[in-house]
Amino acid sequence: MRHLARLADYCSITNMHTKNLAIVWAPNLLRSKQIESACFSGTAAFMEVRIQSVVVEFILNHVDVLFSSKLSSVIRDGAGECL
């Protein structure tokens, strides 16, 4: 994900900003057997891929926070605590 986020930094040259990268990579990163099955119509499959691309775009836009060592340690340390 960090690599894709770095690619987005060069969007002025490549025109591959986070939205374009998300559209291209989301079906591979968030593969769904439901979409690949015959029971999904074209419209339903399109909507599912759209949701996937929004998720990947969010991750790419927040990669520094989501994959920071500080967040990882907070999650790890707080994993056993109940609210």
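Taken together, the values in this text are just the output of simple stated rules run on the coordinates, not laboratory data. Keep in mind that this is a model prediction, so the values were computed, not measured. Neighbour counts are summed over all protein chains in view; Cβ atoms, including those assigned to glycine, are modelled from backbone coordinates with ideal geometry.
One chain, two ends: residue 13 and residue 46. Fully extended at 0.36 nm per residue, the span grows by 9.0 nm beyond their Cα-Cα distance. Peptides 57-63, 5-11 ranked from most to least packed by the mean count of surrounding Cβ atoms within 10 Å: 57-63, 5-11. With each label modelled as a point 7 angstrom along the Cα→C-beta vector, the residue 61-residue 1 pair spans 1.4 nm. Take the Cα of residue 20, step 7 Å toward its Cβ, do the same at residue 54, and the gap between the two points is 2.3 nm.
Rounded to whole numbers, the Karplus 3J(HN,Hα) couplings from phi for segment 10-19 are 9, 4, 5, 9, 9, 6, 9, 7, 4, 5 Hz, using 6.51 cos²θ - 1.76 cosθ + 1.60 with θ = phi - 60°, and x at Gly and Pro.
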